[in-house]
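> The structure's right below; bear with me while I get my questions together.
The values are calculated or read from the model by the stated rules, or taken from the named source; none is laboratory data. Only a predicted model underlies this, so the values are computations on that prediction, with no experimental measurement involved. Quick reminder, even Gly has a Cβ in these numbers, built from the backbone with ideal geometry, and neighbours come from all protein chains shown. Note: areas computed on protein heavy atoms with side chains; ligands, DNA, RNA excluded. Shrake-Rupley method; radii C 1.70, N 1.55, O 1.52, S 1.80 Å.
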Amino acid sequence: MKTLLYIEDEITVLKNVSKTLTANNYHVFTAENLEQAREHLYNQQKIDAIILDIMLPDGNGLDLLRELRESGSKIPIIMLTAWGEPQDVKRGLKLGANDYMSKPFDYGVLLERVNTMFRNVEQIPDIIVKGSVTLRIRSMEVWFGNNQKIKLPPVEFFLLQLFIENENKDIKAEYLYEQVWGSDMADDTQAVQKAVSRLRKKIAGSGYTIAAVYGGSYRFERG
């Protein structure tokens, strides 16, 4: 049985959605604000996905989304946004939300979105192998050859995953920033350069390198 954390401050909606999900074989924890949500996340051993309202009494749900993604969490998240607030949708998707729904919504449609999200997530491979490099996605482990394990912080792990998935392709720094940091690069022009430099040193000996390409791009290639 999959376990969901549903974060919602409208009590009637919270109860009705929880009832719908429970009737369809989901175990549901509920939270009415960010404080309660964080307690569940830090105290519960296993939560398989989150349904996250954006507007909450003690803050913005996007802050929790950012915290989870920056910590390296891959937990699937559906965000609930007020109708007519496309900027929330854009920010949420850039931060790493898996899906969104605008309020008000049909409970049955939300149930189908949850079912679909789990099907999509289960199709994503947990292991990616490129030459001598092996990435274990859920545990965020990187191995060279058969027995050399290196530890990467989340930013560098996500960068390496992007590079591996786009071997021999020129990737703009702006795109890397959007995908890994979850926002527009704006004036933070050194962040990608510094992170790539650290990652390049750590993968030395793997058979791959990260080349700087004229015009502000990078390319992951054998070398």
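> Would you call Ile47 in a loop (DSSP other than H, G, I, E, B) and either among the aliphatic types (A, V, I, L, M) or closer than 24 Å to Glu112 by Cα (or both)? Even if it seems obvious, please write down each step before you answer.
Values: in a loop (DSSP other than H, G, I, E, B): yes; either among the aliphatic types (A, V, I, L, M) or closer than 24 Å to Glu112 by Cα (or both): yes.
Spelling it out, Ile47 is indeed in a loop (DSSP other than H, G, I, E, B) and either among the aliphatic types (A, V, I, L, M) or closer than 24 Å to Glu112 by Cα (or both).
> Within the stretch 31-47, is there a residue that is open to solvent by 20 Å² or more (accessible area, probe 1.4 Å) and in contact with a Lys or Arg (Cβ under 9 Å, 6 or more places away or on another chain)?
No, that holds for no residue.
> Further, regarding this structure: Residues that are surrounded by 13 or more Cβ atoms within 10 Å (Cβ to Cβ) and aromatic (Phe, Trp, Tyr), at least 2 per element: which helices (runs of 4 or more DSSP H) completely within the stretch 136-223 meet that?
By residue number, 154-165, 173-181.
> Applying the selection to the stretch 129-152, what residues are without any contact (Cβ under 8 Å) to a residue 12 or more places away in the chain and closer than 16 Å to Ser73 by Cβ?
Matches in the stretch 129-152: Arg136, Ser139, Glu141.
> Given the criteria among the β-branched types (Val, Ile, Thr) and either open to solvent by less than 20 Å² (accessible area, probe 1.4 Å) or over 24 Å from the mean Cα position of the chain (by Cα) (or both), does Val13 qualify? Step through it out loud before you land on a result.
Working: among the β-branched types (Val, Ile, Thr): yes; either open to solvent by less than 20 Å² (accessible area, probe 1.4 Å) or over 24 Å from the mean Cα position of the chain (by Cα) (or both): yes.
Considered against the rule, which asks whether it is among the β-branched types (Val, Ile, Thr) and either open to solvent by less than 20 Å² (accessible area, probe 1.4 Å) or over 24 Å from the mean Cα position of the chain (by Cα) (or both), Val13 comes out as yes.
> Would you mind stating whether Val121 is in a helix (DSSP H, G or I), at pLDDT below 85, touching a helix residue (DSSP H, G or I) at 6+ places or on another chain (Cβ under 6 Å) and open to solvent by 20 Å² or more (accessible area, probe 1.4 Å)?
Working: in a helix (DSSP H, G or I): yes; at pLDDT below 85: yes; touching a helix residue (DSSP H, G or I) at 6+ places or on another chain (Cβ under 6 Å): no; open to solvent by 20 Å² or more (accessible area, probe 1.4 Å): yes.
Judged against the criteria, Val121 is not a match.
> Could you say whether any residue in the stretch 71-89 is at pLDDT below 95, closer than 17 Å to Asp106 by Cβ and open to solvent by 50 Å² or more (accessible area, probe 1.4 Å)?
In the first step, residues of the stretch 71-89 are kept if they are at pLDDT below 95; the result is 71-89.
From the residues that got through so far, the ones that are closer than 17 Å to Asp106 by Cβ too are 78-83.
From the residues that got through so far, the ones that are open to solvent by 50 Å² or more (accessible area, probe 1.4 Å) too are 83.
Scanning the stretch 71-89 turns up at least one residue that is at pLDDT below 95, closer than 17 Å to Asp106 by Cβ and open to solvent by 50 Å² or more (accessible area, probe 1.4 Å).
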